[in-house]
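The structure appears right after this line, and notes come after that.
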Amino acid sequence: MAHDPNDKKFKKWLDILQQESWQLELIISGFAIYGLFMIIDPIDLASMRAQNDNNFYNSLLYQGLKVSWYIITVNLIAHVILRGLWIGAIGLRYVSGEIDYEKLNYSEKFTRNLKKAVGSFDNYVATLEKYCSVIFAVTFLLVFYLLGLLVITFCFTLIGLWMDKDDVPQWAKTWVATPLIIFLGFGLILTFIDFVTQGWLKRKKWTTKIYYPFYWVFKYLTLSVLYRPMVYNFLDTRFGKRLIWIVIPLYLGLTFLTGTRFSTSNYLDMEMNTNSYTAGKANYFDTLDQDVSFVDRAAIPSKVITKPYLNVFVVYGSSVEDDVFFFNEDLKPEEDKRGIFSAASDGTVNWSQRRNGLKEYLETLEDMYTLTIDSLDFKPEFVYAQNPQKQLGYETFLDLDSIPKGKHILRVRRKDHNRDSVYLRTIVNIPFWFYPK
């Protein structure tokens, strides 16, 4: 049922709801904080999977979700703490009423200073109430700001990927894509200036003529049509303007603090990568855990190998197929299917072409890769596979009959190219110990 905003009954109902809103805030905050701590691990795992699969779109989405998670969690925890303090202040006010500075029996200088700096207890309760309500509202405003930024970033990405396609004519790149990028870039700068200056571009006649077309487009791209009334309600008060200036430096400071670490060595690192001298968790299947959920480049079963063969899994990287096409141009399809595809297709070439080309594809990979244990080279015999972490790749088994007991280094190398020159590039060195039973 529609309500007339000028109706006295409706306004009275809003006033009552406003006074009782703190109960809804606490209920929502409590459930939200519980739910947020339940979903952060799945978001982290999905983000890591997207990064390992070099899936830019999902990676961007999950990174945005992680930032949103931190914004909402920090704000709601602060809200619950302040609202708890507010409830405590209300209970104390019922017991002891106002602050009686005379009963404190302080010196005249301290009494005068406290009356000026602290003021009345009712004013303190009102200030807490204001901060609690504002923090709750700002939380979701910041998330919408972030979503708007993600939408604009996604637009830039789509235009860039469209320009990279070979079948896009040059005139379309020059007269469609380039003007769109310039418009979006210039509009993004103007929108940021207007945000930082709290609407300065809307105040001048000459800036209004320039800014309005960008504003009209960006109000949809930034999703501001959903939350503009709340923004302008903030900016029409001195408190709201001050809060906007405080929030940005506050989050920059929190970002800096969360990025700080403590080191106990000049040479050793807790998150070290695997090489000839270090053994990281991400290259041995039996050491993968919740902290390291995915294989980094390549992996073997364990640091200690007791069987007469070595299983080697090589992770598929997004640049591998480009190299396959470079070394075997016959495999390059007429239309590159990589990237976003419709659910009606599977994102690959047709079945017959895939069946006929898969053997040649693996043979090209085998020719590109060289697996070496110490100084002994092995020709891999790859099969397409998926490891327990659901990473795509290819695996092979190396015969260790001619390998003596003790420490060894598995070196994974791949043919690469720089223009027309071809060279072997080291992907990873993995140390292991061979002690057959």
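Numbers below:
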{"read-out": "Residue pairs meeting the criteria (Cβ under 7 Å; at least 6 apart or on separate chains; first closer than 17 Å to TYR284 by Cβ and open to solvent by less than 80 Å² (accessible area, probe 1.4 Å), in the range 380-409; second polar (S, T, N, Q) and assigned to a loop (DSSP other than H, G, I, E, B))", "value": "GLN389/SER293; GLY393/ASN387; ILE409/SER276"}
{"read-out": "Matching option when the condition is acidic (Asp, Glu) and open to solvent by less than 60 Å² (accessible area, probe 1.4 Å), among GLU102, GLU108, GLU129, GLU98", "value": "GLU129"}
{"read-out": "Selected residue (criterion: farthest from TYR57 (Cα to Cα)) from residues of the range 156-170 that are open to solvent by 60 Å² or more (accessible area, probe 1.4 Å) and modelled with pLDDT under 80", "value": "GLN170"}
{"read-out": "Verdict on TRP175 being assigned to a helix (DSSP H, G or I) and loosely packed, with under 12 Cβ neighbours inside 10 Å", "value": "yes"}
{"read-out": "Checking SER120 against (1) open to solvent by less than 40 Å² (accessible area, probe 1.4 Å); (2) in contact with an Asp or Glu (Cβ under 7 Å, 6 or more places away or on another chain), the condition it does not meet", "value": "(1)"}
{"read-out": "Checklist (1) touching a residue at least 60 places away in the same chain (Cβ under 8 Å); (2) polar (S, T, N, Q); (3) open to solvent by 50 Å² or more (accessible area, probe 1.4 Å) applied to GLN51, failing item", "value": "(1)"}
{"read-out": "Answer from PHE110, PHE136 - the residue that is touching a His at 6+ places or on another chain (Cβ under 9 Å) and aromatic (Phe, Trp, Tyr)", "value": "PHE136"}
{"read-out": "Condition broken by THR260, with the remaining ones in (1) in a helix (DSSP H, G or I); (2) open to solvent by less than 90 Å² (accessible area, probe 1.4 Å); (3) over 30 Å from LEU410 (Cβ atoms) satisfied", "value": "(1)"}
{"read-out": "Any hit, the range 286-294, residues being at pLDDT 85 or above, under 25 Å from ILE43 (Cα atoms) and out of contact with any helix residue (DSSP H, G or I) (no Cβ under 8 Å at 6 or more places or on another chain)", "value": "yes"}
{"read-out": "Hits in the range 131-187 - residues which are more than 25 Å from the chain's Cα centre (by Cα) and hydroxyl-bearing (Ser, Thr, Tyr)", "value": "TYR131, SER133, THR174, THR178"}
{"read-out": "Residue check for TRP245: over 30 Å from LYS130 (Cα atoms), in a helix (DSSP H, G or I) and open to solvent by 60 Å² or more (accessible area, probe 1.4 Å)", "value": "no"}
{"read-out": "Cβ pairs under 7 Å, 6+ apart, first in the range 149-171 and more than 13 Å from ILE181 (Cβ to Cβ), second at pLDDT below 80 and assigned to a helix (DSSP H, G or I)", "value": "LEU150/LEU60; LEU150/GLY64; PHE154/LEU60; VAL168/TRP162"}
{"read-out": "Residues that are under 17 Å from PHE154 (Cα atoms) and open to solvent by less than 30 Å² (accessible area, probe 1.4 Å), drawn from the range 54-77", "value": "SER59, GLY64, SER68"}
{"read-out": "Candidates THR255, THR197, filtered to the one that is surrounded by 11 or more Cβ atoms within 10 Å (Cβ to Cβ) and closer than 27 Å to PHE56 by Cβ", "value": "THR255"}
{"read-out": "Long-range neighbours under 9 Å by Cβ, at least six apart or interchain, first residue under 19 Å from LEU288 (Cβ atoms) within the range 27-46, second of a type in the set (S, T, N, Q) and open to solvent by 30 Å² or more (accessible area, probe 1.4 Å)", "value": "ASP41/GLN290; LEU45/GLN290; ALA46/ASN58"}
{"read-out": "Filter pass, LEU85 being farther than 30 Å from ARG228 by Cα, hydrophobic (A, V, I, L, M, F, W, C), under 46 Å from the mean Cα position of the chain (by Cα) and surrounded by 13 or more Cβ atoms within 10 Å (Cβ to Cβ)", "value": "yes"}
{"read-out": "Cβ-Cβ under 7 Å pairs, at least 6 apart or on other chains, the range 73-96 side farther than 10 Å from LEU26 by Cβ, far side surrounded by fewer than 14 Cβ atoms within 10 Å (Cβ to Cβ)", "value": "VAL74/LEU254"}
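The values are calculated or read from the model by the stated rules, or taken from the named source; none is laboratory data. As the structure is a prediction and not an experimental result, all values here were calculated from the model. Positions of Cβ are generated from backbone atoms using ideal geometry, with glycine treated the same way; all protein chains shown enter the neighbour counts. For the accessible areas, the whole protein counts, side chains as well, though only heavy atoms, and no ligand, DNA or RNA atoms are used. Shrake-Rupley method; radii C 1.70, N 1.55, O 1.52, S 1.80 Å.
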